[in-house]
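Data block below; observations after.
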Amino acid sequence: MANDKIEFESGGVQVIVEARHGGQGDWGATFRIFGNEGDKKVETLRFDCFMNRPHYHYAPGPNSENHNIDKTKIPNPLGWVMNQLQTELPAMIRHAGFAEIARAVDQSAVAKDLARLEPDIVQLHERALKELAVA
């Protein structure tokens, strides 16, 4: 899939948005949020805006805390994720166990860059839903 990744650094974090297949035949856009802990880059959060089972992870990895996004209550998981990243990012990173990274986040810078990139992110997600469904 062409143009299947958007990558940027903003407000003390690195954000990667990519189209991908998830487990059990699911697909959609994934947001991966990285920060620096000392001289080591760590993934603090991951949001999977999948077609069938959207969900997110605090401190992605073998022992991550995972939460499903209930589409009956949140019918637009992509919009919800964008809102969380624009308004709640430091709190979510802190909850994931990365207080030092959370303190360094400039929420307004992240919100501004996400708003600027939103049309491209929406387009990536819509392409992923169409193209990955038949892959």
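When the criteria are applied in full, ARG116 fails the requirement of being modelled with pLDDT of 95 or more, closer than 19 Å to ASP4 by Cα, in contact with a Pro (Cβ under 7 Å, 6 or more places away or on another chain) and basic (Lys, Arg). The set of residues from the stretch 82-118 being among the polar types (S, T, N, Q) and either surrounded by 14 or more Cβ atoms within 10 Å (Cβ to Cβ) or within 16 Å of ARG32 (Cα to Cα) (or both) comprises ASN83, GLN84, GLN86, GLN107. Residues in the stretch 62-92 that are within 24 Å of GLY12 (Cα to Cα) and either in a loop (DSSP other than H, G, I, E, B) or charged (D, E, K, R) (or both) were compared, and the one that is nearest to the chain's Cα centre (by Cα) is GLU88. The set of residues in the stretch 51-80 being charged (D, E, K, R) and in contact (Cβ under 8 Å) with a residue 12 or more places away in the chain consists of ARG53, GLU65, LYS71. Restricting the stretch 3-29 to residues that are out of contact with any helix residue (DSSP H, G or I) (no Cβ under 8 Å at 6 or more places or on another chain) and farther than 19 Å from VAL122 by Cα, the residue that is surrounded by the most Cβ atoms within 10 Å (Cβ to Cβ) is GLY25.
The sole residue among ASP48, ASP39 that is of a type in the set (Asp, Glu), without any contact (Cβ under 8 Å) to a residue 60 or more places away in the chain and surrounded by 20 or more Cβ atoms within 10 Å (Cβ to Cβ) is ASP48. Just wondering, is there one or more residues in the stretch 93-113 that are touching a Leu at 6+ places or on another chain (Cβ under 9 Å), assigned to a helix (DSSP H, G or I), closer than 24 Å to GLU126 by Cβ and modelled with pLDDT of 95 or more? Yes, because at least one residue in the stretch 93-113 is touching a Leu at 6+ places or on another chain (Cβ under 9 Å), assigned to a helix (DSSP H, G or I), closer than 24 Å to GLU126 by Cβ and modelled with pLDDT of 95 or more. If I filter the stretch 1-46 down to residues being in a strand (DSSP E or B) and small (Gly, Ala, Ser), which single residue comes out as nearest to LYS130 (Cα to Cα)? Checked the stretch 1-46; the qualifying residue nearest to LYS130 (Cα to Cα) is GLY28.
The values are calculated or read from the model by the stated rules, or taken from the named source; none is laboratory data. Note that the structure is predicted; figures quoted are calculated from it, not measured. We place every Cβ from the backbone using ideal geometry, glycine too, and count neighbours over all the protein chains shown.
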